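Peer 1: Next up is a structure, given as structure tokens.
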Amino acid sequence: MFNVGLYNVRQYFFQERKHLRYESNYYHSKENENYKLLPTDIAQQTLKIVDRSFKSFFGLIKLKSSGGYQEKVRIPNYLPKDGHFILGLLLVANLPFHPLFPAPKSLLPKT
């Protein structure tokens, strides 16, 4: 999903020299089969991470033009085809206990 969102934003950048924001990227990505395979919250969070990556890219371009950054600025890259994407999720307090994804006891419901 990361590569799908990144592709949309990169293509828009190459054509328009502007940032395709999360809301527009969501509109373009929601019909993609990869988007439909994921739970909605995970797919949306992934697109938000793509958005943050490009905001950082544009921030570095601006900083470099003002002389505050000396390194070469590179557009965000795609993940390898068999690569993995690490996604951090918030835990909701009323989720049941799961041995692979234990929530802190302070977040678990009182029994």
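The values are calculated or read from the model by the stated rules, or taken from the named source; none is laboratory data. Keep in mind that what you see is a predicted model, and the values were worked out from it rather than measured. Cβ sites come from the backbone with ideal geometry, for glycine too, and all protein chains shown count toward neighbours. For accessibility, only protein heavy atoms count, side chains too; no ligands or nucleic acids. Shrake-Rupley method; radii C 1.70, N 1.55, O 1.52, S 1.80 Å.
Peer 1: Can you list residue pairs whose Cβ atoms sit under 9 Å apart, with the first residue in the stretch 59-80 being closer than 20 Å to residue 49 by Cβ and the second being basic (Lys, Arg)? Count only pairs 6 or more apart in sequence or on different chains.
Peer 2: Between residues of the stretch 59-80 that are closer than 20 Å to residue 49 by Cβ and residues that are basic (Lys, Arg), the close pairs are 60/74; 73/64; 75/10; 76/10; 78/10.
Peer 1: Going through 31, 23 one at a time, which residue ends up being more than 20 Å from residue 85 (Cβ to Cβ), in a helix (DSSP H, G or I) and of a type in the set (D, E, K, R)?
Peer 2: On the way: 31 fails: in a helix (DSSP H, G or I).
When all the criteria are applied, what remains is 23.
Yes/no per residue for (1) modelled with pLDDT of 95 or more; (2) in contact with a helix residue (DSSP H, G or I) (Cβ under 6 Å, 6 or more places away or on another chain):
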residue	(1), (2)
1	no, yes
13	yes, no
36	no, no
39	no, no
43	no, yes
46	no, yes
92	no, no
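Peer 1: For the structure I just gave you, tell me whether residue 21 is surrounded by fewer than 16 Cβ atoms within 10 Å (Cβ to Cβ) and under 13 Å from the mean Cα position of the chain (by Cα).
Peer 2: On the way: surrounded by fewer than 16 Cβ atoms within 10 Å (Cβ to Cβ): yes; under 13 Å from the mean Cα position of the chain (by Cα): yes.
For residue 21, the condition - surrounded by fewer than 16 Cβ atoms within 10 Å (Cβ to Cβ) and under 13 Å from the mean Cα position of the chain (by Cα) - is met.
Peer 1: May I ask you to verify whether residue 29 is under 17 Å from residue 2 (Cβ atoms), touching a Phe, Trp or Tyr at 6+ places or on another chain (Cβ under 9 Å), of a type in the set (Ser, Thr, Tyr) and open to solvent by less than 80 Å² (accessible area, probe 1.4 Å)?
Peer 2: In short, yes.
Peer 1: Can I ask one more? What do you reckon, is residue 36 open to solvent by 90 Å² or more (accessible area, probe 1.4 Å) and not in a helix (DSSP H, G or I)? I'd like the intermediate steps shown before the answer.
Peer 2: On the way: open to solvent by 90 Å² or more (accessible area, probe 1.4 Å): yes; not in a helix (DSSP H, G or I): no.
Judged against the criteria, residue 36 is not a match.
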